[in-house]
Structure formats: C-alpha cells, structure tokens
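Note sheet for the following structure.
The values are calculated or read from the model by the stated rules, or taken from the named source; none is laboratory data. The shown structure was predicted, so the numbers you read here are calculated from the model rather than taken from an experiment. As a convention, Cβ positions derive from the backbone with ideal geometry for all residues, glycine included, and neighbour counts pool all protein chains shown. All accessible areas refer to the heavy atoms of the entire protein, side chains included, with ligands and DNA or RNA removed. Shrake-Rupley method; radii C 1.70, N 1.55, O 1.52, S 1.80 Å.
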Amino acid sequence: MSNRLIINNSIILYIRMLVSTFIGIFMSRYVLRALGVSDYGLYNVVGGIVTLMAFINTVMVSTTYRYIAHETGKPDGNVNKIFNVSLTIHIVISLVVVLVAYSIGLFYIVNYLNVPEGKLSDAVFVYCFSLLNIVCVILGTPFQGLLISKEKFSITVPIELSTKFINLGLVILLNFLPGDKLRIYAIFVTMVHLLNPVLYVLYCFRKYYQEVKWKFQKEFGVYRGMIRFSGWIMFGAAASAGEHQGSALIINRFFGTTMNASFGVANQVGSMARMFTHGLSHAVVPQITKSHSAGDHPRSEQLVMLASKYSFFLLLIPALPILLETNYILGVWLTIVPPYTSIFIQMMLIKELIQSSKAGLPALIQASGNIKWFQIITSATSLMVLPISFIAFMLNKPPYFISLIFTITSFVTFVTTLILMRVILDYDVPLYLKRCFSRMLVVTLCMLPLLAINKLLVSGASRFFITLVASEIWLVFMVYLIGMERDERTGMRKYLLSISQTIKIRIGVGNR
C-alpha cells in the first residue's frame, strides 16, 4: 500500500511539474515582454536579495515535515506539540527576517545596488513587496509541512496549480495595463503569494484541527532540538541561496541588470528543473523518514536509491530536448533573448542533473539526525562558487564562466556527499553506485548519438520536432532496458495493467 501511495503521489507531483513548467514558460515570455530586459533583470536581483535572507524558511520546511513525519512514525507521537513548536519558531523567524530586511537589506539597495538612473525608488518598492511575499510564505510553512508529512499531495497540488494559473492570467493582463508595470507586477506577485498560505491554513483547521489547534509549548528542550537541527540544515539552504542569489549580485556588480535578465531566465529554467527533481523525492521523503523512525532501515535505504535514480530520469525527459535545441527554443519562447542566455541555461540544466542523481540522500541524512558534518562540508563546497566567480570576473572572464563553476562545484558536492554517507552513516555506497549511478551514467551516454541530428539537419521547426520525438522515444527505451532492474520492470508492467483494468471496469460501468 505504501509503495502504491508513493507511485500515485509521484504521478500527481509529476503532473504538477509539467503544468507548472508550461505556465512558467508562458509567464517568462509575457513578463519579459511587459517589463523589458532592464526592469526584468532589476526585479530578479531585488527579489533575489529577499530570497537570500529568507533561506531560513527553506530550512524550516524540511525541518517541519521531518519532525512531524518522525513523530507520526512513533507509536506515542504528539503531532500537535511538534506543530505548535514549529509555528512559534516561524513567527519569530518572520520577525527576524523583517528586521534584517529593513535594515541591512534596504541599506544595501540604497547604497550599493547597481540600478539604472531613476530606478532606485522602483527597486525599493519591489523590495518591500517581495518582503511581504516572504513573510506570508514563512507563516504558512508549518501548515504546508503538516500536509506534506500527511502525504496530502492531492490537496497541495491543486492549490499550487490554481494560484499559478491566476498568476499567469495577471501577467498576461499586465501587458495591457498602463502605468509603472514593474510596480504593478510586484503587487500582482504579492497577491498571488498570499493565496497558498491562506488556503493551507483553512484546510488544516478544517481537517486537522486537533493537530493544529494553538497551545503554547513550554518544553523548551523540543525548541532546542528543532532549532539545533534546523541550524545545521541552514548551511545547505544558505549555500543554495548563495549559489543563485549571491551569484545574481556578483553578476549585477560586474555586468549590470541586462546580464541579470539572462541569468534570471536561466534561474527560472533551473527552478523548473528542480521541481522535477523534488517531485519524486517529495513523494518519497515522508516514507523514508517514517521507515527510518520505525527502524525499517533496509526499506528506507531502498527508497533512497529509487528516489535518486528516478528523479534523474524524470528530469532528463524535459532536459534532453532543451539541451539539444536550446537556441531554437529560446527564439520561439522569448520575443527578446538576452545575451548568453543559451549557455546559462545549458550549464544550469547540467548542474541540476548532477544534483538530481543524489535526490534521495538528503532525506536519509535528515531522518538519521546526523547532519552536522554533511551540512558543513557540502555547503562550504557549494558556496565556493561565489569567491571563485568574483575572482574570475576580476580577471575579465566572460559572464557565462559562473555557470561552469556551478557545474564543477555540483559534481564535487556529489562526490563529497557519497564519501560522507559511507563514513558517517555506513551507507552502502558501492551498492548505490552499482544500482543507481552506473545505470544513470550508461543511459546518459546512450543519448550521445542524438547529437548527430543537429549535425545532419538545418535548425528549424522540423529539426526540433524530429529531435523531440526521437530523443524522448530513445530515452524511454533506454530507461526501460538499462535504467530499470528486472523487478522494477515487472512492477511497472503490473501497475500499468492494474490501471488499464480499472479504466476498463469504469468504462463498462459507465456504459451500463
């Protein structure tokens, strides 16, 4: 039953990713058209400053559902206690973020941010509304964490998709409105960001009142444990925020807002790619945590390997045609293509593919609680992209050089994580390499013959269509033949057969 739940949740999350990707593609096109290259870059770098300070919230999402899922796995678990501890911590976090943002963050914008002349007031306006977005998300995080731990993706996904469709509609409307479109866009984004937390809260109070009802917890040992755990997770979140938002600031320092637009488009593609990676891992994470909490370590380790392997393959499905036809896709997607966007996107996708190959490992690390050295070493490795990029740009390296550094540090982080898994958790890394990484590597190498299509055909719609169809068919065939083990192929056939039989039964009932 648990495995079937994982498959069903994975399908739901994958549908969410596909729909979100298509919405994101259209949104980028309309936002870039409405704002122009300079204002689009300005919004990305200013919003990035807020995201940099709000990485604490990313930490607490993981911490909240880890602790709730761990508590659920206990025979005598008290979910209400953990939830209220998390909610109290989030209220404090929101106050700290506001304090830091209106002091250090605003000071940086006014005195150091490289903005076009006359745009400083717009930058401050966007910054304030972006801060309001973050506060709303922070306060809604405990409720989101509860729903994830309950594996209620059939609730969270429709909520997320509905708000994305609303956002798309507002962005299209933006192209036809008069006035300062940068400020209007900031207001629209804030309105949309309010919806998700409000809907999460309403649903939780309706369905899980006993778990979310307010009761101040005086067991400060629980606070210390959660804060200590989240403190180490914070290194990873800081590294992630530093990689992308810190890099945006460095690019702004050397190349201005126009290059921020290129990097912003690539970051959006990277964000879509991360959704594909996180989709399956989010479906598996609660099961990994609950299995580990219940002492079923073989099952949790098996789920780690499955999550890593299939996260990679699922990401490769959209990434492969994009990598092969980046320039053509950009030409169709964007009316204005900022310089260096193509290579930024390609390097970003390669980086995300490397990251996806270890998608299941963080869940087991967090479930074990032994996270200190994982976070210190891997986060320090990831953050090296900032000083290296700064030095490279001082030596007059081109803007896309930072993307190459991203890729290198991602691979180093991958290797480091495997070493630490072996040393600290005594994880069977050779088995992981044999059953997961080797299959991912062989399937990837089998994709190289597809490069011949680019050499033989002239760029255009025909070549794109041929590349798309050929690459997806060849990829699915190779994943089935090489990427899957025998029992996985058998399980896949049985699952598809059961779906087919269910559809036939329902059609038969409907006809009668």
### Convex hull volume of the stretch 190-229 per residue (C-alpha atoms, cubic angstrom)
111
### Summary
With 0.36 nm assigned to each residue of separation and the Cα-Cα distance removed, Leu497 to Val124 gains 128.6 nm
### Task
Answer rounded, prolate or oblate for the stretch 183-264, using the Cα gyration tensor with square roots of eigenvalues a ≥ b ≥ c: rounded when a/c is under 1.5, else prolate when a/b is larger than b/c, else oblate.
oblate
### Task
Tell me the label-point distance for the pair Leu395, Arg253, using the 7 Å Cα-to-Cβ offset, in nm and rounded to one decimal.
1.7
### Query
What is the extension gain from Tyr480 to Tyr112, computed as 0.36 nm multiplied by their sequence separation minus the C-alpha to C-alpha distance, in nm to one decimal?
127.2 nm
### Semi-axes of the equivalent ellipsoid for the stretch 392-506, Cα gyration tensor, largest first, Å
34, 29, 13
### Message
Given points 7 Å out from each Cα along the Cα-Cβ axis, report the Ile424 to Phe220 separation in nanometres with one decimal.
### Response
2.8
### Query
Which value in Å is the Kirkwood Rh of the stretch 77-161 over different Cα pairs?
15.3
#### Entry: Length gained when the stretch Asp487-Arg206 is fully extended (0.36 nm per residue, less Cα-Cα span)
97.0 nm
#### Entry: List Phe22, Phe129, ordered by accessible area with a 1.4 Å probe, largest first
Phe22, Phe129
### Query
Going highest first, how would you order 355-362, 8-15 by mean Cβ packing within 10 Å?
355-362, 8-15
### Query
At a 1.4 Å probe radius, carbon and sulfur cover how many percent of the accessible area of the chain?
68
## Note on the structure
With only helices counted (DSSP H, runs n ≥ 4, each -39500 (n - 2.57)), the per-residue ellipticity at 222 nm for the chain, to the nearest 500, works out to -27500 deg cm²/dmol
#### Entry: At 0.692 mPa s and 37 °C, Stokes diffusion of the stretch 269-404 via Kirkwood alpha-carbon radius, µm² per second
194
### Query
In straight Cα distance, which lysines are under 22 Å from Lys213, not counting same-chain residues fewer than 8 positions off?
Lys74, Lys81, Lys150, Lys152
### Summary
If R0 = 56 Å, then Leu441 and Ile155, at their Cβ-Cβ distance, give a FRET efficiency to the nearest 0.05 of 0.90
### Query
Can you give the Rg to Rh ratio for the stretch 280-330, taking only C-alpha atoms and Rh from Kirkwood?
1.27
### Message
Which log10 I(q)/I(0) values does the stretch 132-212 give at q = 0.21, 0.24, 0.25 Å⁻¹ under the Debye formula, counting every alpha carbon as one identical point scatterer?
### Response
-0.93, -1.10, -1.16
### Task
Please calculate how many Å² of accessible area the chain carries per residue, with a 1.4 Å probe and no DNA, RNA or ligand atoms counted.
45
### Message
At q = 0.05 Å⁻¹, what log₁₀ I(q)/I(0) does the chain have when each alpha carbon counts as one equal point scatterer in the Debye sum?
### Response
-0.20
### Task
Using Cα positions and a limit of under 29 Å, work out the lysines in reach of Lys455, with same-chain residues fewer than 8 apart set aside.
Lys351
### Query
Which helices, counted as full DSSP H runs in the chain, have an axial Cα extent of no less than 20 Å and a Kyte-Doolittle average of -0.5 or above?
2-53, 55-72, 79-100, 120-149, 153-174, 181-207, 220-241, 257-293, 297-324, 341-356, 401-425, 461-478
